[in-house]
Amino acid sequence: MTVICSDKTGTLTQNRMSVSHLVYDKRISMIPGVTPMLKEDTFLPFDPRDPHFQTLIELGACNTEAQFLSFEADVMIRKTKGDASESGLIKVIQILNIDIQFFEPIAPIMETRAQKPKVYQVPFNSSNKWMASIVK
């Protein structure tokens, strides 16, 4: 699977990167409570029970290294250690994990990483503009 994550929303105005939409199964979904919804938007809601959605969230947890340093109730203001893109990813993963807890919740980020450790990684660098990892 190839996943490309790129978003600059809030980088200049709030000095943080955040995820505004999810793209999987050839559809774009907004993230409630994070993404402002405009009246002309036609984004479909995500289905937390969809196995493809759950796989996307699990891949995000396994292929990032950012960590939470604080645990405020508002996930978006939590301090993190890690690069800005990965910090944005773990914040949205945490928000989505909270939202789906009444269905079939995914494991917390650190638990997911422990269950499916990285075997090998080619880190991102500005020359290649990509990264890759193999996860058990």
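Where the second residue is assigned to a loop (DSSP other than H, G, I, E, B) and basic (Lys, Arg) and the first is within 13 Å of Glu65 (Cα to Cα) and without any contact (Cβ under 8 Å) to a residue 24 or more places away in the chain and lies in segment 107-129, which pairs have Cβ atoms under 9 Å and are six or more apart or on separate chains?
That search, which allows pairs on different chains as well, returns Pro117/Lys136.
Give the number of residues within segment 1-33 that are among the β-branched types (Val, Ile, Thr), within 17 Å of Gly88 (Cβ to Cβ), modelled with pLDDT under 70 and part of a loop (DSSP other than H, G, I, E, B).
The number of residues fulfilling the criteria is 3.
Here's the yes/no breakdown for (1) over 18 Å from Ser20 (Cβ atoms); (2) assigned to a loop (DSSP other than H, G, I, E, B):
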{"site": "Leu38", "(1), (2)": "no, yes"}
{"site": "Leu44", "(1), (2)": "no, yes"}
{"site": "Glu65", "(1), (2)": "yes, yes"}
{"site": "Glu86", "(1), (2)": "no, no"}
{"site": "Lys91", "(1), (2)": "no, no"}
{"site": "Met110", "(1), (2)": "yes, no"}
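The values are calculated or read from the model by the stated rules, or taken from the named source; none is laboratory data. In this text the structure is predicted, and so the values were computed from the model without any measurement. Counting neighbours? That spans all protein chains shown, and the Cβs are built from the backbone with ideal geometry, glycine included.
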